[in-house]
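One structure is given below, encoded as structure tokens.
The values are calculated or read from the model by the stated rules, or taken from the named source; none is laboratory data. From a predicted model like this one, the values you see are computed outputs, not experimental measurements. Cβ placement follows ideal geometry from the backbone for every residue including glycine, while neighbour counts extend to all protein chains displayed. We work out accessible area using only protein heavy atoms, side chains counted, and drop any ligands, DNA or RNA first. Shrake-Rupley method; radii C 1.70, N 1.55, O 1.52, S 1.80 Å.
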Amino acid sequence: MFKKSIIAALALVPTLATAEVTIDIPKGVQLLTVNQEDAGYSSLGFDYKDNLILRDGVNQVVFRISKIVFESGADKTKFKSEPLVATFNESDKQLKLEVPNIKTLDEGMAFNNNPSFQLKYQGEDLEGVKKDQLGLGFKLMPDMVQEVEKYNKSMEPASLKHFAHEAVKVDMPILEGSNYEVLKSAYESVSIEEKKKFLTWAISNME
């Protein structure tokens, strides 16, 4: 009831031009979690996404390099880096993720010992992005959502704890006349619990 009422009300509000953050993802990079949610990754690595579209505001992307590399001579093997974390607060930007072009297993091992990557905006390093490596040790099939949630409760460099008090800025419409009355009517028709949910959402999206 709550959702239907609010959707019906918002349908009458003038349409806003919504901004978003997009990230171009290079080949050989596997997305693991996005904002603490499973990104649909496969243990086999056949889940490449060439771009990621995110809402404006605070976002966290956990990923790893996953590709076929040379092990010795002409022999090849699968390399998967330790998960990497990028957390940032941006709006209306097109970003590009850049990682080293790892070709051998030795290069991969060296990368794990000293990982580096860049988020670029218009060719320049994005300012304010927090980077880290999510060390999993010898866990063979870790629950990535659980591991990321655990990480975000810590004070590690790219933990969401550091962004807890940063507001997400959203351009809100000015409600006049019938638009205001429709939203007011929808709000008054739902339960107290649903009103609390709506108020939490509304307050978190105010400038």
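A few remarks follow.
- Split the accessible area of the stretch 94-162 by element, probe 1.4 Å, and carbon with sulfur accounts for 50%.
- The Cα atoms of the stretch 19-103 cover 48, 21, 18 Å along the three principal axes, with the biggest extent listed first.
- Dipole magnitude of the stretch 35-101 about its Cα centre (Cβ charges: Lys, Arg +1; Asp, Glu -1), debye to nearest 20: 180
- Probing with 1.4 Å while keeping every protein chain in the model, the per residue accessible area of the stretch 39-151 equals 58 Å².
- Note that the stretch 20-29 has calculated 3J(HN,Hα) couplings of 7, 10, 10, 10, 7, 9, x, 5, x, 10 Hz, one per residue in order, obtained from phi through the Karplus relation 6.51 cos²θ - 1.76 cosθ + 1.60 (θ = phi - 60°); glycine and proline are x.
- In order along the stretch 61-76, the phi-based Karplus estimate (6.51 cos²θ - 1.76 cosθ + 1.60, θ = phi - 60°) of 3J(HN,Hα) comes to 10, 10, 8, 8, 7, 9, 7, 7, 10, 7, 8, 7, x, 9, 5, 10 Hz; Gly and Pro are listed as x.
- Cα gyration tensor, the stretch 57-113 - rounded (a/c under 1.5), prolate or oblate: prolate
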